[in-house]
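Presented below is the structure to which this report refers.
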Amino acid sequence: MKLSLVFPCMGRRPGKSYVRSWQMEPLPAAHLAGLTPNDIELDFHDDRMEPIPFDAPTDLVAITAETYTAKRAYQIASEYRRRGVPVVMGGFHPTLVPEEAVSYAEAIVIGEAEAVWPELLADFRAGRMKRVYRSPTRPSLLGASPDRRIFAGKNYLPIALVEAGRGCTRHCDFCSIQSAFSGTQSMRDIDLVVEEIRTIQRQGGHKLFFFVDDNIIAYVDRARRLFEALIPLGIRWVSQASLNMAYDRELLALMKRSGCMGVLIGFESLEQKNLEEMNKGFNRMQGGFAEAVRRLHEHQLLLYATFVFGYDHDEPESFQRTVEFGIENDVFMMAFNHCTPFPGTPLYQRLAARGRLLYEKWWLDERYRYGEVPYRTHLSPELIQDACVRARKQFYGPRSIVSRLCRTNTPNLEMLRNYLFINLLLRREASQREGYPLGDLGFKGELIPTSLPFPEELSARAPALGGAA
Ligand code: B12
Ligand code: SF4
C-alpha cells in the first residue's frame, strides 16, 4: 500500500513565490509518518514549495487542514477525487469544523492522530474505513516520535521544530488551541525530547531549535526539568510562552542557561478592557508590560511580542501607541495582526450570535483575502487592516530598526546578523501577505465533494457553527 502525505499552502497567485518565513518543516506530517507502519510505502508533498504530482499512483492521501489552508486542502482533495483516490483529512480545521471538512474527505480525524491513526490505516486496508475517527480522550504523547526522513531534500528554513508539549491551560477567547485541546496540555517524555534533539544534532544542518509548544512554561516545575535537561546539549532555542514567565527571575536565568534565545509572547493589547474581553486579564502584571520586557532583556532573552487589533476597546490611536511601545522598549520582533474569528472559538460564536460576521465562512469565500477583517467592528474593518500594515511598516522601517539596534544588548555578531535578517524579511513581508488569496487561483472548476453520505454522528453539530451576518 502507498500513502501520500500532503501539507497544503494557504493559497497561490500563479507564478508568485510563497511567503518564505512560513516555510518551516511541518511537524504534523512527520508525526503521521512516525505513526505509520513500516510496510506502508510513504511519500510527502509540501504544496508550499513544490508541485503536487496528482497523477503519480497512490492508494490513500492524508491532508493536514488549518483554517487558512482549508480551501486549498479541499482543492487538493478535489484533484485526487477526480482521479478516484480517497482522501483523509485531519488537523485543526477538521477538528473544529468537522461537519464541513467531512464533505471534502472520505474520512476525517477529529483531534490528535496518535490514538486513531493505526486503526484508520488498518480499516482502510481491510476495506472498511469509517467516515469519522475521533480521539476518545487526549492521547498520551509520552512515546510520540516524528519521522523527519520525509523532509529530506526540501528547502526549509534552517530551524528544527521540536515538540515538548501540546496544548495550553489558558482560555483566551480567540484561540483555536483552547478550543481544540479543551484548555489542557499534554507532554512528551523529556528523555525522548532530549534524544530527538541529539539525533537532529548528529544529522547536522540545523542551527536553531523551535519548541512549537503553545506555552512552554504552562507547568513551571516540568518546564524547569526540561530546561535543566537541555543545558548539556548546548543548543540555542526559541519558543512560545505566557507573560507570567517574566515574574520569575530564577526561571528566566535557567532558560538563558539552557540556550533560550528568545520567546514569542502574546501581549495582544495595551488596553486593559480588551484583555478582559478576550479572557486574557492574566496578562496584566505588576509593573506592566514595560517591566516584563525589561526583565527579559535583563536576562538577554529576545522578545517577539504579538498584538491583535479589532477588539471593542481599540481606538485609531491604539496602533501608533503599540508601535511606540515596541520601539521605546527595544522589542526584537512584533506582530501587528487583526483579530481573526476562527470557527469553533468563543470569539467566533459571539460574533456570529451578534450578527457581526461579514461572510458566512470567510475561509471559503471567493471574495475574502488574507489580511481582511471579516467582521464588523466600531472601527471600520478597512481601517484596522490598513493600520496593521502601516504599523508593521513603521516598526520594521529603517529608523526603528536602527534605533532598536543601537540600544539593544545584542550579545554577538551572529545575533546581530539574525536581527537584521529577520527585521528586513518581515519588512518585506509587511504587505506581501496582504491580499493573498486563500486557495490556488489556478485551480480550475468547482470543489468536488465526496459522494459518500453525511455521517449521522455529525448531524447534530451542523446548525451550531457557521452563523453569518
Ligand atoms: C509552528 C507553527 C507555525 C510555524 C510553522 C508552521 C509550519 N509547519 O510550517 C509558522 C510560524 C510558520 C506558522 C505560521 C502560521 N500559523 Co501556525 N502554528 C504553529 C504551531 C505553534 C505548531 C504546529 C505544530 O507543529 N504542531 C505539532 C503537531 C504535531 O501538532 P498538530 O498540528 O496539532 O497535529 C496533530 C493533529 O492536529 C492531527 N493532524 C494534523 N494534521 C493531520 C492530518 C491528518 C490526515 C490526520 C489524520 C491528523 C492530523 O494529528 C497531529 C498529531 O496528533 C501551531 C499550534 C499547535 N499547537 O499546533 C500553530 C497554528 C497551527 N498556526 C496557526 C496560524 C493561524 C498560523 C498563521 C496563519 C499565522 C499568521 N496569521 O501568520 C500562519 C500560517 C502559515 C501557513 N499555514 O502557511 C493556528 C491555526 C488555527 C486554525 N484554526 O487553523 C495555530 C493552531 C496557532 C493558534 N494559536 O491558533 N505556524
Ligand atoms: S495563552 Fe496563547 S496558546 Fe494559550 S489559550 Fe491564550 S492565546 Fe492560546
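Find the relative contact order for region 148-432 and round it to a whole percent, using C-alpha pairs within less than 8 Å whose residues are 6+ positions apart. Could the numbers behind the result be given before it?
Details: 414 pairs, mean separation 41.1, N = 285.
Answer for region 148-432 is 14 percent.
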When you take every Cα atom in region 148-432, what is the radius of gyration, and what is Dmax, the widest Cα pair distance, in Å? 19.3, 55
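Most exposed first by the Cβ proxy, i.e. fewest other Cβ within 10 Å, how do HIS297, HIS378, HIS31 rank? Walk me through the intermediate numbers first.
Details: HIS297 18, HIS378 10, HIS31 21.
Ranked by crowding around the Cβ, least crowded first: HIS378, HIS297, HIS31.
What ranking do 252-260, 48-56, 96-104 get when scored by the average of other Cβ atoms within 10 Å per residue, highest first?
The packing order, highest mean first, is 96-104, 252-260, 48-56.
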List the residues, sorted by chain then number, that are 5 or more residues from LEU302 or on another chain and whose placed amide H is less than 5 Å from its amide H. GLY262, VAL263
Hey, got a sec? Which GluC sites (Glu not before Pro) in region 405-461 land in a DSSP loop and have at most 12 other Cβ atoms within 10 Å? GLU446
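Based on the Cα coordinates of region 1-85, what is the per residue volume of their convex hull in Å³?
In region 1-85, the Cα hull volume divided by residue count equals 94 Å³.
Loop-only GluC sites (Glu not before Pro) in region 278-323, please: DSSP not H, G, I, E or B, and at most 12 other Cβ atoms within 10 Å. Before the final figure, lay out each step's value.
Working: sites: GLU291, GLU298, GLU317; in loops: GLU317.
Those satisfying the criteria are GLU317.
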Can you put VAL85, VAL212 in order of Cβ neighbours within 10 angstrom, beginning with the fewest? VAL212, VAL85
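Take every Cα-Cα pair in region 335-469 and report what % of them are more than 18 Å apart.
Tail of the P(r) past 18 Å holds 68 percent of the pairs.
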Check which residues have an amide H placed less than 5 Å from ARG134's amide H, if you skip close sequence neighbours. ILE110
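Exceeding 30 Å between C-alpha atoms, which entries from my cross-link table qualify? They are LYS393/LYS444; LYS207/LYS280; LYS130/LYS154; LYS154/LYS444; LYS280/LYS361; LYS71/LYS273. Mind dumping the intermediate values first?
Working: LYS393/LYS444 35 Å; LYS207/LYS280 34 Å; LYS130/LYS154 33 Å; LYS154/LYS444 27 Å; LYS280/LYS361 26 Å; LYS71/LYS273 34 Å.
Going by Cα-Cα distance, LYS393/LYS444; LYS207/LYS280; LYS130/LYS154; LYS71/LYS273 fall outside the 30 Å limit.
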May I ask you to order 161-174, 274-287 by the average number of other C-beta atoms within 10 Å around their residues, highest value first? 161-174, 274-287
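Bear in mind these aren't lab numbers, they're just calculated from the coordinates by the rules spelled out. All of these numbers come straight from a predicted model, not from anything done at the bench. Glycine gets a Cβ as well: all are built from the backbone with ideal geometry, and neighbour counts include every protein chain shown.
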